[in-house]
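The values are calculated or read from the model by the stated rules, or taken from the named source; none is laboratory data. Just so it is clear, the structure is predicted and the values come from calculations on it, not from any experiment. Cβ coordinates were reconstructed from backbone atoms using ideal geometry, including for glycine residues, and neighbour counts include every protein chain displayed. Surface accessibility is based on the protein's heavy atoms, side chains included, excluding ligands, DNA and RNA. Shrake-Rupley method; radii C 1.70, N 1.55, O 1.52, S 1.80 Å.
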Amino acid sequence: MILVSGGAVVSYAVWDIASSVKPGVALIGETIGPPPDIGAIEGGVNLLLVGSDSGQGDPAYGHRGETLNDVTILLHISADHTNATVVSFPRDMLVPIPSCPKEDGSGNWGSQSVNKINVSLTYGGLACVVKTVSDLTGISIPFAAKIEFNGVIEMSNAIGGVTVCVATAINDGQIGLHLPAGQQTLQGWNALMFLRSRYGVNGGTDIARISNQQVFLSALVRQAKAAATLSDPIKVYGLAKAAVDNMQVSNSLRNPVTLASIALAMKNIEPQNIQLVQYPTRFGSAGGLNGVLPIQDAANVLTAAIINDQPVQLSGTTGPGSTLDPNATAPPIDPSQAPVQQAVTLPGTITGQNSAQQTCSEGQDYRP
């Protein structure tokens, strides 16, 4: 009777999530095979997550003349499911934007020799962001999803908030975020504002903001692991429901079984084997635009490791918006959880952290 009831609950959950999935986006040149069986997906995964600043779905966020990808993150899960690399691309990075089909089907946008990577969402939607990142890195990306502001709020609520360390108070007068130093549990509006804050983070740059976002993401990984979130069907359902209600996904992700299988591939990866890295850049200009430029030699090491499905190891700092928590105790490392392959040591110009490292946000006082 218990098995029958459990099966009924699972069947309802899959139906409910499937019925909520919005029309998908066709990625440029994609082919879609059959959905995986129930269980962890076979082989490796490359998935691009795009955070849009459009405020779509809630007038409280204001109207924007163009829709930008404020957040662009590539998740690589190794084929043996022992490690993962999460790459954040600075929104102000100057890169070529390829020719992409217009979302209304009326033709193609022309290619651009250089522009900020965050305009790629404007020129062709989610599919264009994927093509831009794929062309830049040489990495094939078969899965993609775009999340709006409301989605971040709902996802943070679904996991019950994330507790982060704030080393120096964050006072961002531009967006109205004020967090004192200490341990802060963030969900809903505060979680969204923490991830969006730029001027309230040490240095006030997008580079610092990414470091601050990695503080949140690493805390989220540790919290999810400690709470066995991905082993709890109710929690997984809540997260999946919040995701599909607030995301636009590629056609390859429209089947809820595929979403679940990717989550299950992450279930047994230990935090020390999840590397959060920032695509290497330096401040500069190109094509009459100011921003940041890729550090190509360092980027080549990172992208080659991902293409060759090799784990990576950081040698640089955590970045300007974060610092190691001086009060943290080193978590015990289980030798059996070490990746089978030797990790590729990344150049020191690549900042970030592994998810086992406990870091704190470094804030500042900004009053416009």
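Taking the residues in the range 101-155 that are of a type in the set (Ser, Thr, Tyr) and not in a loop (DSSP other than H, G, I, E, B) as candidates, determine which candidate is surrounded by the most Cβ atoms within 10 Å (Cβ to Cβ). Before the answer, list the steps.
Here is the first cut: in the range 101-155, the residues of a type in the set (Ser, Thr, Tyr) are 106, 111, 113, 120, 122-123, 132, 134, 137, 140.
Next, from what is left, pick out any that are not in a loop (DSSP other than H, G, I, E, B): 113, 132, 134, 137.
Numbers: Ser113: 10, Thr132: 28, Ser134: 21, Thr137: 22.
Result: Thr132.
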Can you report the number of residues in the range 259-282 which are open to solvent by 10 Å² or more (accessible area, probe 1.4 Å) and farther than 19 Å from Leu314 by Cβ? 8
When Gln184 is evaluated against the numbered criteria (1) in contact (Cβ under 8 Å) with a residue 60 or more places away in the chain; (2) assigned to a strand (DSSP E or B), which criterion, by number, is the only one it fails? (1)
Tabulated pairs, the range 264-288, first farther than 19 Å from Ala298 by Cβ, second outside any helix (DSSP H, G or I) and polar (S, T, N, Q), C-beta under 6 angstrom, 6+ apart or interchain: Pro271/Ser355; Gln272/Asn354; Asn273/Asn83; Ile274/Ser355
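So which of Val95, Val71 is open to solvent by 40 Å² or more (accessible area, probe 1.4 Å), at pLDDT 90 or above and touching a Phe, Trp or Tyr at 6+ places or on another chain (Cβ under 9 Å)? Spell out the reasoning first.
Values: Val95 fails: open to solvent by 40 Å² or more (accessible area, probe 1.4 Å).
Result: Val71 is the single residue among Val95, Val71 that is open to solvent by 40 Å² or more (accessible area, probe 1.4 Å), at pLDDT 90 or above and touching a Phe, Trp or Tyr at 6+ places or on another chain (Cβ under 9 Å).
Results for (1) of a type outside the set (Phe, Trp, Tyr); (2) at pLDDT below 95; (3) assigned to a helix (DSSP H, G or I); (4) in contact with a Ser or Thr (Cβ under 9 Å, 6 or more places away or on another chain), shown as yes or no for each residue.
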position: Gln310; (1), (2), (3), (4): yes, no, no, yes
position: Thr318; (1), (2), (3), (4): yes, no, no, yes
position: Pro331; (1), (2), (3), (4): yes, yes, no, no
position: Ser336; (1), (2), (3), (4): yes, yes, yes, no
position: Pro339; (1), (2), (3), (4): yes, yes, no, yes
position: Gly348; (1), (2), (3), (4): yes, no, no, yes
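Yes/no matrix, rows are residues, columns are (1) over 18 Å from Asp206 (Cβ atoms); (2) of a type outside the set (S, T, N, Q):
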site: Gly110; (1), (2): yes, yes
site: Thr132; (1), (2): no, no
site: Gly138; (1), (2): yes, yes
site: Ile141; (1), (2): yes, yes
site: Lys146; (1), (2): yes, yes
site: Asn150; (1), (2): yes, no
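Return yes when Asn171 is in a strand (DSSP E or B) and either in contact (Cβ under 8 Å) with a residue 24 or more places away in the chain or open to solvent by less than 30 Å² (accessible area, probe 1.4 Å) (or both) and no when it is not. Before the answer, list the steps.
On the way: in a strand (DSSP E or B): yes; either in contact (Cβ under 8 Å) with a residue 24 or more places away in the chain or open to solvent by less than 30 Å² (accessible area, probe 1.4 Å) (or both): yes.
Yes; evaluated as a whole, the condition is true for this residue.
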With the requirement that a residue be over 29 Å from Ala240 (Cα atoms) and charged (D, E, K, R), what does the range 153-203 give you? Asp172
Pairs please, first residue from the range 58-79 and in a helix (DSSP H, G or I), second anywhere and at pLDDT below 65 and of a type outside the set (A, V, I, L, M, F, W, C), Cβ atoms under 7 Å, 6+ apart in sequence or on different chains. Tyr61/Gly55
Of Gln296, Gln223, which residue is open to solvent by 50 Å² or more (accessible area, probe 1.4 Å), of a type in the set (S, T, N, Q) and out of contact with any Ser or Thr (no Cβ under 8 Å at 6 or more places or on another chain)? Gln296
